[in-house]
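The values are calculated or read from the model by the stated rules, or taken from the named source; none is laboratory data. Just so you know, these numbers come straight off a predicted model, no measurement behind them. Note: ideal-geometry Cβ built from the backbone for every residue, glycine included; neighbour counts use all protein chains shown. Heads up: the accessible areas ignore ligands, DNA and RNA and are worked out on the full protein's heavy atoms, side chains in. Shrake-Rupley method; radii C 1.70, N 1.55, O 1.52, S 1.80 Å.
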Amino acid sequence: MNKFPRFNEYKILFYRIGLAYIFYMLARILFYIYNENLIKIDSVVDFAKLCYHGLAFDTTTILYANALFIVLSVLPMLITTKKGFQKFLFYLYFTTNLLAYVANFIDFIYYKYTFNRSTRASLDTIENEQNKGALFANFLVNYWHVFFLFFLIAFIWIFLYRKVKIKQHDAKPTLKYFLTSTVGLLLIATLCVGGIRGDFRKSTRPINLLDASRFVSNASQADFVLNTPFAIIRTWNANTFQKIKFVDSDVIDSLIIPIKHYKNNPKTKPNIVIFILESYAKEYISSFNKEMKIPNYKGYSPFIDSLAQHSMIYTNGYANGYKSIHGMSSVIAGIPSFKNAFTSSPYPNQKIESLVSVLKSEGYDTSFFHGAPNGSMGFLGFGNILGYNHYYGKTEYNNDADFDGVWGIWDEPFFQYFNQTLSQKKQPFMATLFSVSSHEPYILPLQYEGKFPKGDNPMHQCVGYTDYALKQFFKSAKKQSWYENTIFVLVADHDNLIYYEDYGKDQNLHTVPILFFSPSKKYIGTNNDWAQQIDIFPTLLDMIGYDKPFRSWGRSLINEKKVPPFVMRYSSDKYQMMSGNYICTFDGEKADGFYVKSDKDLKNNLIGQRNAEMNLLELRCKAFLQDYMQRIIDRKLTSEIK
């Protein structure tokens, strides 16, 4: 006690927080008991592992609920041991904890109807009910046992809390007391930040619902790993997904055609290799900027430029989001992200028709490669939802000598690992690689310092390094038996640092390269029309002659005739649909602007001069958003008729 004046207080604080962990785990077990027929767990060992992984999500929830309680408990003040202050902490603790904790009990029953943990969207649904009192009374009568369990557990929790009490500290304050208390406060605050985020690593963003899928072998297990208050917290400001009614269904079927069915090409089974290049903006590649006519322009991707001469490239391509995970959902599943990401919404854990599911049905082996720590960016979780057969990350690479110290394995060695792993697979295969090195902190491996032009901003030499890594990959891949029978796709997830003024204009933001390369030279040419990430999914299915219906909001870039080229995205806090000669900006209810295609800054609003093409563009925008919201919320992201 003399060495650390507040040791007993800290010990009791950890005891009180520890109680929350115990009861959250108990709620998880009860959740499983109530929903055992819906959650498949094969063994006691698997059950224990899933419980262990659930601790990360419990930590976030418990720290959110107890943030104020923890801070007040460790304030460098003698008042913290006073009887009145401890009574205040008691009421604060149970007000916040039980308010959060009760949400778990709702899902004991509600899960049977939604097959997902309740989220902010669930609360919005309840808010719109006119008979809340009657609904609550009905729930109370029919599920009295849930209420009984909650109050019984709450009673036990309160009893255990009161069993251990803090003794009042009446000694005079000393310098040592205040110094150690301040250090303790800062240390605990730091630990809490890491606990809320999920870890301290720079390479990962705070955990969300998607991360629960990292640890599962069956999709339903993700809901066992999660807890309901976590799902509500993480989706509190993330649900802009609401059903809207603008047009009749026949308008959607004629203008958007969400269920595609191509019969343009003979059926083949080439391998498909997709590179999603981190932050690799169109600005950095000369072959994609010839039409821009930017004074004194310089590119930094000589290999991609050489590859483009033998490829089909789309120089007016757009990202359908602005974060890495948006790029994955757009490219692989054809699902764009607007104000909020689909993957961070309450709805990603559902059956999704994608390149993965379609190609698996055709006998393809499917794999995802990302050199960062497994789970970074949410790729592992979303990859499990999509159904990839294999995930290869930093763990599988298993050589930290090639770790860049921040994000993951350097691109050059990881691209070689990619080639080596593919060369051991049975054909046909579909593989996606998400690169890591073209990103801040804009560093290179020591042996390549000075090898690539530094250019005019820090990204340029990193772009040169990733371009070199691609060159080395193709050099090695050419020697493999699978190479000739492969379609390669290069696309960026989003843009990054801008140097040229033209790329600061609204219509040049989030522009990305889209390139298809086949060693057979079947696809060659340059297209300057509208294109977007969500077009890659249907284009590849068209290329291989897939002849069954599938869900897609994008269009084939090689044969589509019914849906004209277009881009749908969210920029400058508005939806934007671009097609033909115009750009339509949409505020969520109506068009509030029309601009000619060349008006990159959106300076001259032509809404007062509407014509038939503009009216049709607004109608297409409404039809797209209506179908997008309805399919996601109603969990109809497949071509199946339900």
Handout entry: Residue tally, condition over 28 Å from the mean Cα position of the chain (by Cα) and part of a loop (DSSP other than H, G, I, E, B), over the stretch 497-528
Key = 9
Problem - Scan of the stretch 48-105 for residues that are without any contact (Cβ under 8 Å) to a residue 60 or more places away in the chain, open to solvent by 60 Å² or more (accessible area, probe 1.4 Å) and aromatic (F, W, Y), ordered by number - result: Y52, F88, Y91
Practice task
Return the residue satisfying two criteria in turn: it lies in the stretch 70-121 and is among the charged types (D, E, K, R) and in a helix (DSSP H, G or I), and of such residues it is nearest to F342 (Cα to Cα).
Solution key: R120
Exercise for the section: Mind listing whichever residues of the stretch 355-412 are among the basic types (K, R) and touching a helix residue (DSSP H, G or I) at 6+ places or on another chain (Cβ under 6 Å)? Expected result: none
Fill in the blank from the handout: Filter the stretch 290-314 for residues that are open to solvent by less than 10 Å² (accessible area, probe 1.4 Å) and in a loop (DSSP other than H, G, I, E, B); the one that is nearest to Q472 (Cα to Cα) is S301
Problem - L433 within 27 Å of P346 (Cα to Cα) and in contact with a Gly (Cβ under 9 Å, 6 or more places away or on another chain) - result: yes
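Give me the strands (runs of 3 or more DSSP E) completely within the stretch 540-642, filtered to those with at least 3 residues that are under 24 Å from the mean Cα position of the chain (by Cα), ordered by residue number. Steps first, please.
Details: elements: 566-571, 574-579, 582-586, 591-596.
Output list reads 566-571, 574-579.
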Practice task
Please work out which one of (1) open to solvent by 10 Å² or more (accessible area, probe 1.4 Å); (2) more than 15 Å from N419 (Cα to Cα) is the condition S481 fails and give its number.
Solution key: (2)
Problem - Residue identified as touching a residue at least 12 places away in the same chain (Cβ under 8 Å), under 15 Å from the mean Cα position of the chain (by Cα) and more than 20 Å from S279 (Cβ to Cβ) among S345, S330, S423, S354 - result: S345
Practice task
Filter the stretch 107-117 down to residues that are open to solvent by 10 Å² or more (accessible area, probe 1.4 Å) and within 22 Å of S344 (Cβ to Cβ) and give me whichever is modelled with the highest pLDDT.
Solution key: R117
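Residue-by-condition table, conditions (1) surrounded by fewer than 22 Cβ atoms within 10 Å (Cβ to Cβ); (2) among the polar types (S, T, N, Q):
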residue: I385; (1), (2): no, no
residue: A431; (1), (2): no, no
residue: F452; (1), (2): yes, no
residue: D456; (1), (2): yes, no
residue: T466; (1), (2): no, yes
Completion exercise
For the stretch 545-564, the count of residues that are under 15 Å from I256 (Cβ atoms), surrounded by 19 or more Cβ atoms within 10 Å (Cβ to Cβ), at pLDDT 95 or above and not aliphatic (A, V, I, L, M) equals 7
